[in-house]
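Working notes, structure below.
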Amino acid sequence: LCGLASSFSGVFTSSDLGYSKPAPEAFARACMRLDIPPQRCIYVGDSLETDARGSAAAGLMGVWLDRARSGVDPGAGIRVIQSLTELPALIGAQG
């Protein structure tokens, strides 16, 4: 519709996966459909609970996009960025 489909390997909805965020199964099933182990995936989202903690519980690297710079401690295993411009460095550090 807007020309972005070719930029993605897949688009998964909760109805496709049978689970909704923050259920770890939603993230795990998306990884399975992509044929990529969760530990090789990074999930970035602006909801600490739904995106970062949910994806981390499934074994992905959960990254919280905290644009508000809230200062909230996300807990163990969650990475925090304040801008998407920080993402390439974070990905490079994982290589």
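The values are calculated or read from the model by the stated rules, or taken from the named source; none is laboratory data. No experiment lies behind these values; they were computed from the predicted model shown. All Cβ positions, glycine included, derive from the backbone under ideal geometry; neighbour counts span all protein chains shown. Quick note on the areas: whole protein, heavy atoms, side chains included, nothing else; ligands and nucleic acids left out. Shrake-Rupley method; radii C 1.70, N 1.55, O 1.52, S 1.80 Å.
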- Message: Please give me the summed charge of the neighbours of Ser83: other residues whose Cβ is under 12 Å from its Cβ, Lys and Arg +1, Asp and Glu -1.
- Response: -1
- Measuring with a 1.4 Å probe in the full set of protein chains, what accessible area per residue, in whole Å², belongs to the chain? 65
- Note on the structure: Any trypsin sites (Lys or Arg not before Pro) in segment 4-95 that lie in a DSSP loop and have at most 13 other Cβ atoms within 10 Å would be Arg67, Arg69
- Item | Accessible area of the chain belonging to carbon and sulfur atoms, whole % at 1.4 Å probe | 54
- Message: Please list, by residue number, every one of the chymotrypsin sites (Phe, Trp or Tyr not before Pro) in the chain that is coil in DSSP and has at most 11 other beta-carbon atoms within 10 Å.
- Response: Phe8
- Nearest 10 degrees, 0 to 90: helix 24-34 Cα axis against the chain principal axis: 60
- Note on the structure: Within segment 49-74, the residues whose backbone N lies under 19 Å from a label point placed 7 Å from the Cα of Ser14 along the Cα-to-Cβ direction are 49-58
